[in-house]
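The values are calculated or read from the model by the stated rules, or taken from the named source; none is laboratory data. None of the values given here were measured: they were computed from a predicted structure. All Cβ positions, even for glycine, are placed from backbone atoms using ideal geometry, and neighbour counts span all protein chains on display. The protein model used for the area step is the full one, side chains on, heavy atoms only, and it has no ligands, DNA or RNA in it. Shrake-Rupley method; radii C 1.70, N 1.55, O 1.52, S 1.80 Å.
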Amino acid sequence: IMIRTDDHAKIEELAEYASVPVINGLTDLSHPCQIVADLLTIVEGGKALPGLELAWLGDGNNVLASLIEAAGLFGFNVRAGVPQGYDPDMRFVEAARAQGARIDIVRDAAEAVAGADIVVTDTWVSMGQTHAEDKLRAMEPFRIDAPLMGVAKSDALFLHCLPAHVGDEVSEEVFEGSQSVVFDEAENRIHAQKSILRWCFGQI
Ligand code: NVA
């Protein structure tokens, strides 16, 4: 069973009663299926996961939580530039740190992106959330534009799980630019999700 829902407690309850594997297709807490596709995209882009420096900009949401979880599992580092009040769930941060990943939460966008191999963002307003003017204002300094991308490594890749609000969390120049792998990332969802099904069926 794949479930895509809001409250994470719903998936926990479903898994408790299900006699077959339950796949988290997204909850307000985490989005692991997306991150399997993201990691495939990063590796396809020629980068090794151990020691990778990944920068996140914007909302400390479900996608960031799963990236942090992956950092602990695969040994890469995350520097998240998020405004005060929008930090990721600290349970993910603490678990990844305990596994040896370096997880930094910073308040400055350039500090987050400096020297990064991978730059990632997501919509400032997730599914089920209401558009809040104060949240959007807080996110403004964390928009990824070309000058900000310029402080990452010169061969850094830009990822976004889509759908994007071009002009908000990312400028059109970066979204459509040569460092953007967002459409490979979108395609990789189907390949990565097939691997999850094979794992559920005990084939890998
Ligand atoms: N954070 C976003 C991800 C969409 C794929 C959301 O939960 O809406």
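Assorted remarks:
- Overall, the accessible surface of the chain at a probe of 1.4 angstrom is composed of carbon and sulfur to the extent of 55 percent.
- Solvent-accessible area per residue, Å², over the chain with all protein chains present [probe radius 1.4 Å]: 49 Å²
- Rounded, prolate or oblate (a/c below 1.5 giving rounded, otherwise prolate when a/b exceeds b/c) for region 1-144 by Cα gyration tensor: oblate
- Principal axis dimensions, region 78-204 - Cα atoms, whole angstrom, descending: 46, 34, 34
- Relative to the longest principal axis of the Cα atoms of the chain, the long axis of helix 182-200 lies at roughly 20 degrees.
- Crossing angle, helix 8-17 versus the chain [Cα axis fit, 0-90 degrees, rounded to tens]: 20 degrees
- Relative contact order of the chain, pairs being alpha-carbon contacts under 8 Å that are 6 or more residues apart, as %: 19 percent
- What the Cα convex hull of region 121-162 gives, in volume per residue, is 70 Å³.
- Exposure of D6 as accessible area (Å², to 10), given a probe of 1.4 Å and all protein chains: 80 Å²
- Cut-off under 5 Å, modelled amide H: who pairs with L26 long-range: T5
- On the beta carbon distance between L197 and R97, with R0 = 35 Å, the FRET formula returns roughly 0.65.
- In this rough spin-label picture, where each label sits 7 Å from Cα along the Cβ direction, the E140-E111 distance is 2.1 nm.
- Region 145-204 gives an Rg/Rh value of 1.15, both radii derived from C-alpha positions and Rh following Kirkwood.
- Take every Cα pair under 8 Å whose residues are at least 6 apart in sequence, average their separation, divide by the length of region 1-122, and the relative contact order is 24 percent.
- Degrees, to the nearest 10: 62-74 long Cα axis against longest axis of the chain: 80 degrees
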